[in-house]
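To start, the structure under review is shown below, and the notes come after it.
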Ligand code: SF4
């Protein structure tokens, strides 16, 4: 009588799902090997997803979907979205490994996210034992990003996140030492990949092989911190406040409108179209706001304080400059305090020369 | 079986999804939750999140600037 081998235990992995192609492929490679995968997606406050699309009209024909959710649905995995925006501040403000080309602390960011996933794994293991998880998967590719995905940085992420050899990168595994899931035979190393460098062709070929025809193509990175203009606005905020800190509202507002700083102690955030208007509307009870009353025009928030009548007129004239009445001699601007008290200011719209380029923070 | 409300107005996606997810975690299978949002993106994201995680969307509707999504909590399937 031949012995029947017990059915193999289905191994379980937590995958970091950004919404981009690489993490999508990494999950798919695991699924092909019979691994049960669940996704986590971290909300840092700087994510490019969703909001901006919902805010700006020009983006409205684009799908307003959240890419991470869409990836999860396409692959048939559960997805847990975790708000790490509070703890993430320390990553942005004090990155041990420094910044990339802009204010993107990619290496610290990766370490932080993998660490969060490791904590989730440990906790699930404690609570659910066998129903917990065995290892962590990311879509990282060696050499793809100048800073965070160099060959030397891969072990740093594994080590400093605490995931150690429970961290598997299915797309680049063949370029790296075997990890626990490979050594234990939970996954077959031979069927993992050895992608490296910035060339995206192998990923695109793999996507095709899997029949994945549609996927998001993030340019540059997965968040606003890789954006030059955004980083400039964030730096300006810190300079103006004499202090490196931010609240969630601050970094949301940096994604919207034209930002003009006539003086160190105040900045105007001026909507550029209807969607931004509606978005800024929601902040009127927190900020002094300006709108044109005698003609259609933008809504502007005052971040900081207008200290005297001269500054109030200056702000009103700048707002009038971006209204339909910019060619008029006089425009009436309504200034409303957060509490609702409003008054009217009659101003001559600012001439473009009155708004030096240096005031434009992005 | 509880019927609950969640106010996620003025939050931008994915915050309404995160709030929904965290509330659902505290509910029992069969409970009903109605989420009120102002970000129209929630009309896509919350139902997608429900489909992925095994909850049933009973109704979505718009009322003024608000969008309301009513869901029935499914079986908890994850250890996370
Ligand atoms: S681009 Fe942004 S989210 Fe992506 S690793 Fe860098 S800092 Fe983190």
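Report the label-to-label distance for residue A:131 and residue B:62 in nanometres (one decimal), using points 7 Å from each Cα along the Cα→Cβ vector.
With each label point 7 Å from Cα toward Cβ, the separation is 4.1 nm.
Could you give the angle, 0 to 90 degrees to the nearest 10, between helix A:21-32's Cα long axis and the longest principal axis of the Cα atoms of chain A?
Value to nearest ten degrees: 20.
Which angle between 0 and 90 degrees, to the nearest 10, do you get for helix B:15-26 versus the longest principal axis of chain B when only C-alpha atoms count?
On a 0 to 90 degree scale, this one is about 30.
Taking Cα pairs under 8 Å and at least six residues apart, what relative contact order does the range B:3-72 come out at, in percent?
35 percent
Express in nm, to one decimal, how much length is gained between residue A:344 and residue A:239 on full extension, taking 0.36 nm for each residue of separation and deducting their alpha carbon distance.
So the chain would gain 34.7 nm between residue A:344 and residue A:239.
Once you have a ≥ b ≥ c as the square roots of the Cα gyration tensor eigenvalues for the range A:12-224, tell me rounded if a/c is under 1.5, and otherwise prolate or oblate according to whether a/b is larger than b/c.
In terms of gyration-tensor shape, rounded.
Label points 7 Å out from Cα along the Cβ direction at residue A:165 and residue A:198: separation in nm?
With each label point 7 Å from Cα toward Cβ, the separation is 3.4 nm.
Using the count of nearby Cβ atoms within 10 Å as a rough guide to exposure, how do B:35, A:48 rank from fewest to most?
With the sparsest Cβ surroundings first, the list reads A:48, B:35.
Subtracting the Cα-Cα distance from 0.36 nm times the residue separation, let me have the gained length for residue A:84 to residue A:359 in nm, one decimal.
95.7 nm
Pull out a ≥ b ≥ c, the square roots of the eigenvalues of the alpha-carbon gyration tensor of the range A:94-212, then state rounded if a/c is under 1.5, prolate if not and a/b is larger than b/c, and oblate in the remaining case.
oblate
For chain A, what does the alpha-carbon gyration tensor say about shape, rounded, prolate or oblate, given a ≥ b ≥ c as the root eigenvalues, a/c under 1.5 as rounded, and a/b over b/c as prolate?
Cα axes put chain A in the prolate bin.
Read the figures in this text as sums done on the coordinates, not as results from a lab. Values in this document were obtained by computation on a predicted structure and should not be read as measured data. Please note: Cβ atoms are built from the backbone with ideal geometry, for glycine as well, and neighbour counts cover all protein chains shown.
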